[in-house]
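Undergrad: Please find one structure pasted underneath; my questions will follow.
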Amino acid sequence: MKILSVCLILATLLLMMSCKTAKENSPSTSTTDRATYILDQAIKAHGGSLYDNANYQFVFRDNIYTFKNDKEIYSYTALIKKDGKITYDILDNNGLQRTINNVNQNLSKSDQDKYSAGINSVIYFATLPYKLQDPAVNKSYKGSTNIQEKNYEVLEVTFDQVGGGKDHDDTFHYWLNKETHLIDYLAYNYAVGKGGVRFRAAYNTRNVDGIVFQDYVNYKADVGTPLIDLPKLYEADQLKKLSVIATEDITNLKK
C-alpha cells in the first residue's frame, strides 16, 4: 500500500508538471495573443529575421524596385521608364525624393504622399507578412477554416489612423496555412472612390536566399461582400479574375 501511495503521488506530480509545461508552451486563448502567435509563425516561415537586414531588387509591371532594411532604417526605390522619361523615387525614413532624367523635383505634399503610398504598397505586398509588425497594425484572430481541402487560420488586420497611411480604413484578412504557415490567400476592402473588395490567391511561391516571395491571382467581389465569405465564393468560382500580381527577376543585392 505504501509503494502504491508513493507511485500515485509521483504520477500526480508528473501530470501537474506536464500540464504546466503545456500551458507555458501554448499561446494564450485571447484573440489578440492568438493572432500575434500565428503572425509570428508566418513571419518566421516567410523569412523571419532575414527581413531585418534584407536588400533585394525585383521587377513589378516593368518597373524596377528595391528595398533595403537595416532594423528600423529603410530605403525603398522605384525606377520607372515611360514616355522617354526616367523617373527615380527614393523613399526612406526622411521622406520621398524624386528625380526625372536626373533632375530633382520639388513635390507638393499631396504628390509626396501619393508617390510614397505607391512605393509602400508595392513593397508591402512583396514582403508580406513582414510589414504586419508595424505599430499601427491591429490584428485579431478570426478562427480556422478549410480552403481547397487545406486547413487555415484566419488573421484580420486593421490600421490606426496615426501611422496607418492614407488607406488606414482598409481591412485585411489573411489565411495562413496550418502546415506551412505561409499566406496562401489574402483579401481586403477599401473605401477609395466607390470602394471595392479584393481576394488574392498565391502561386509561384519560391524561396530566394531565405526569404519567400509569392505571386497572386487578383479577384474582385461585390462591394460590401464580407471578407470572411470570400473563400467560399472563390471555391464556387463566383469571383471575377481581374489581374495577376507578379514579382519578377528577384535579386538578392547583398550577394
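The values are calculated or read from the model by the stated rules, or taken from the named source; none is laboratory data. Values in this document were obtained by computation on a predicted structure and should not be read as measured data. Glycine also receives a Cβ, built like all others from the backbone with ideal geometry; neighbour counts cover every protein chain displayed.
Undergrad: Counting just the residues of region 16-50 that are of a type in the set (D, E, K, R) and at pLDDT below 95, which one comes out surrounded by the most Cβ atoms within 10 Å (Cβ to Cβ)?
TA: The residue in question is Arg34.
Undergrad: Residue check: is Tyr141 surrounded by 13 or more Cβ atoms within 10 Å (Cβ to Cβ), at pLDDT below 95 and more than 14 Å from the chain's Cα centre (by Cα)?
TA: The answer is no for Tyr141.
Undergrad: Would you tally the residues in region 107-122 being of a type outside the set (A, V, I, L, M) and surrounded by 14 or more Cβ atoms within 10 Å (Cβ to Cβ)?
TA: So the count comes out to 6.
Undergrad: For region 43-98, name all the residues that are farther than 28 Å from Asn177 by Cβ and hydrophobic (A, V, I, L, M, F, W, C).
TA: Result: Ile64, Ile73, Ala78, Leu79, Ile80, Ile86, Ile90, Leu91, Leu96.
Undergrad: So which residues in region 210-245 are under 19 Å from Lys131 (Cα atoms) and either outside the structural domain of His173 (by TED's automatic domain parsing) or not aromatic (Phe, Trp, Tyr) (or both), if there are any at all?
TA: Gly210, Ile211, Val212, Gln214, Asp215, Ile245
Undergrad: Can you find a residue in region 115-137 that is in a strand (DSSP E or B) and either of a type in the set (S, T, N, Q) or farther than 19 Å from Gly48 by Cβ (or both)?
TA: No - not one qualifying residue is present in region 115-137.
Undergrad: Please go through (1) within 21 Å of Glu149 (Cα to Cα); (2) surrounded by fewer than 16 Cβ atoms within 10 Å (Cβ to Cβ) for Tyr219 and return the number of the only condition it doesn't satisfy.
TA: So Tyr219 meets the others, but not (2).
Undergrad: Can you tell me how many residues within region 89-106 are surrounded by fewer than 16 Cβ atoms within 10 Å (Cβ to Cβ) and assigned to a strand (DSSP E or B)?
TA: 6
Undergrad: Give the residue that is nearest to the chain's Cα centre (by Cα), with candidates limited to residues of region 51-73 that are assigned to a helix (DSSP H, G or I) and surrounded by fewer than 17 Cβ atoms within 10 Å (Cβ to Cβ).
TA: By that ranking, first place goes to Asp52.
Undergrad: Which residue out of Asp83, Asp134, Asp89, Asp111 is touching a residue at least 24 places away in the same chain (Cβ under 8 Å) and over 13 Å from the mean Cα position of the chain (by Cα)?
TA: Being touching a residue at least 24 places away in the same chain (Cβ under 8 Å) and over 13 Å from the mean Cα position of the chain (by Cα) holds for just one of Asp83, Asp134, Asp89, Asp111, which is Asp89.
Undergrad: Still on this structure, please answer the following. Being within 19 Å of Leu155 (Cβ to Cβ) and surrounded by 13 or more Cβ atoms within 10 Å (Cβ to Cβ), is that true of even one residue in region 234-254?
TA: Scanning region 234-254, I find at least one residue that is within 19 Å of Leu155 (Cβ to Cβ) and surrounded by 13 or more Cβ atoms within 10 Å (Cβ to Cβ), so the answer is yes.
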